[in-house]
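K.L.:
Okay, handing you the structure first.
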Amino acid sequence: MAEPSCRTIFAERYRIIQEQFTLQSRDLDNMTQRNRQLYDDQARHDIERGRIMDELAMAKGDLDQLRNEAANLRAEKKIWEVSHTAVSFWIRC
């Protein structure tokens, strides 16, 4: 059995290295595309998060306003109750 020549061995080794390079290049392309998709998703999520944070801030403002209005109404109710009690007292007298 004849041993393969150096040229044949080097050609085979070159072919294997070339195949590995091709596979790694495809993997890199796939990872680059996946990275781009993830970056785009992150950008969309950041925009959505910002929108939600704005809505939350507005809701908190509305909640504070409603709390103030409720407190004002309770105070106004107490004033009316005191006034009504005083008027009732004066009417009975």
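Each reported figure results from applying straightforward, stated rules to the coordinates on display, with no laboratory input. Please read these numbers as outputs of a predicted model, since none were measured by experiment. Cβ sites come from the backbone with ideal geometry, for glycine too, and all protein chains shown count toward neighbours.
K.L.:
Would you kindly compute the Cα radius of gyration of the chain and its largest Cα-Cα separation (Dmax), both in Å?
P.N.:
Here Rg and the maximum Cα pair distance are 39.5, 134 Å.
K.L.:
Between the helical axis of 6-92 and the dominant principal axis of the chain, each derived from Cα atoms, what acute angle in degrees is found, rounded to the nearest 10?
P.N.:
0
K.L.:
Roughly how many debye, to the nearest 20, is the charge dipole of the chain about its Cα centre, given +1 on each Lys and Arg Cβ, -1 on each Asp and Glu Cβ, and no other charges?
P.N.:
300
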